[in-house]
Amino acid sequence: MQLDRAGVALGQRLALAVARAGALGDSGPPARSDRGVRGGQGDGRERRRGGGSDAAGLPEGTVRKGKWAEADSSTEYCQKPNGTKHGPYREQEYGYDLDEGLRGESGEYRDGKKHGLWYEFASFSGSSYGAYVDGAKHGLWVEEGREFEVSYEVYVLGKQEARSRMYRGAQLILEQHYEQGQLHGAYRSWTWSATTTATEKEAASS
């Protein structure tokens, strides 16, 4: 996999910034973010590029495809003349599971691969946001579940690495360690009582 320095640095900066804030340390979770990454309204028309930048900010040599409607299933993206996705992308689907629920994602493609910051969500599983480098997760990813649990995970070129932590509110409930995408060593879990004391359990991961 060929990677440019800027792409790799993007994921590394994300991991470093949150680690400094205490997300991967012992000072508790950072503040939860409820902000989704979404673009503006699309008008459904293709806009061709000659050079430079137009009002929509499309990458050079691309056209806008699709039509966006906030209250309906929609996909809007940019693509090159050969059909390769390149530039901003957003999608939402209503009724994705037995005609119920809403799922979607938004971010950017570079030469047909997810690249840069992405936000992904689904009604029945939660949301996640973080960076891709040439189609592989890289750097810090934040996973928010339906039961108010938040996980902080670190990836290196698509494989989970280092310490992973899960919180419910401000309370740590699970800590695991990964190497090359595999659980490694013991993990710890906590059960919190109404008096905010914790019962700690440690076990070897398989």
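The values are calculated or read from the model by the stated rules, or taken from the named source; none is laboratory data. Remember, predicted model here, so these are calculated numbers, not experimental data. Here the Cβ is made from the backbone with ideal geometry for all residues, glycine too, and neighbour counts use every protein chain on show.
Restricting attention to region 119-129, and to residues there that are in contact with a strand residue (DSSP E or B) (Cβ under 7 Å, 6 or more places away or on another chain) and not in a strand (DSSP E or B), which single residue is surrounded by the fewest Cβ atoms within 10 Å (Cβ to Cβ)? It would help to see each step written out before you state the result.
Just the residues of region 119-129 that are in contact with a strand residue (DSSP E or B) (Cβ under 7 Å, 6 or more places away or on another chain), to begin with: 119-124, 126-129.
If we keep only those that are not in a strand (DSSP E or B) as well, we get 123-124.
Values: Ser123: 15, Phe124: 12.
Among those residues, the one meeting the criterion is Phe124.
So that you can scan it fast, the table gives a plain yes or no per residue for (1) at pLDDT below 95; (2) among the acidic types (Asp, Glu):
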{"residue": "Ser106", "(1), (2)": "no, no"}
{"residue": "Ser125", "(1), (2)": "yes, no"}
{"residue": "Ala131", "(1), (2)": "no, no"}
{"residue": "Gly145", "(1), (2)": "yes, no"}
{"residue": "Leu172", "(1), (2)": "yes, no"}
{"residue": "Glu175", "(1), (2)": "no, yes"}
{"residue": "Tyr178", "(1), (2)": "no, no"}
{"residue": "Glu200", "(1), (2)": "yes, yes"}
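For Glu93, are the conditions met, namely being more than 30 Å from Leu172 (Cα to Cα), modelled with pLDDT of 50 or more and assigned to a strand (DSSP E or B)? So that I can check it myself, show each step before the final result.
On the way: more than 30 Å from Leu172 (Cα to Cα): yes; modelled with pLDDT of 50 or more: yes; assigned to a strand (DSSP E or B): yes.
Criteria met by Glu93.
Could you please tell me which pairs satisfy a Cβ distance under 8 Å, a separation of 6+ or placement on different chains, a first residue in region 137-163 that is free of Cβ contacts under 8 Å to residues at least 60 places away in the same chain, and a second residue that is surrounded by fewer than 16 Cβ atoms within 10 Å (Cβ to Cβ) and among the acidic types (Asp, Glu)?
Cβ pairs passing all conditions: Glu161/Glu179.
I need a count of the residues in region 62-118 that are among the small types (Gly, Ala, Ser) and exposed (fewer than 14 other Cβ atoms within 10 Å of the Cβ). Break it down into steps so the answer makes sense when it comes.
Here is the first cut: in region 62-118, the ones among the small types (Gly, Ala, Ser) are 66, 69, 71, 73-74, 83, 87, 95, 101, 104, 106-107, 112, 116.
Next, only the ones that are exposed (fewer than 14 other Cβ atoms within 10 Å of the Cβ) stay: 69, 71, 83, 95.
Number of matching residues: 4.
Could you identify the single residue in Gly158, Gly145, Gly139 that is under 23 Å from Ser123 (Cβ atoms), small (Gly, Ala, Ser) and in contact with a strand residue (DSSP E or B) (Cβ under 9 Å, 6 or more places away or on another chain)? Give the steps one after another, and end with the answer.
Values: Gly158 fails: under 23 Å from Ser123 (Cβ atoms); Gly139 fails: under 23 Å from Ser123 (Cβ atoms).
Criteria check complete, one pass: Gly145.
Taking into account only those residues within region 130-146 that are among the acidic types (Asp, Glu) and assigned to a strand (DSSP E or B), which is nearest to Ser164 (Cα to Cα)?
Going residue by residue through region 130-146, those that are among the acidic types (Asp, Glu) are 134, 143-144.
Next cut, assigned to a strand (DSSP E or B) only: 143-144.
Numbers: Glu143: 11, Glu144: 13 Å.
Of everything passing the filter in region 130-146, Glu143 is nearest to Ser164 (Cα to Cα).
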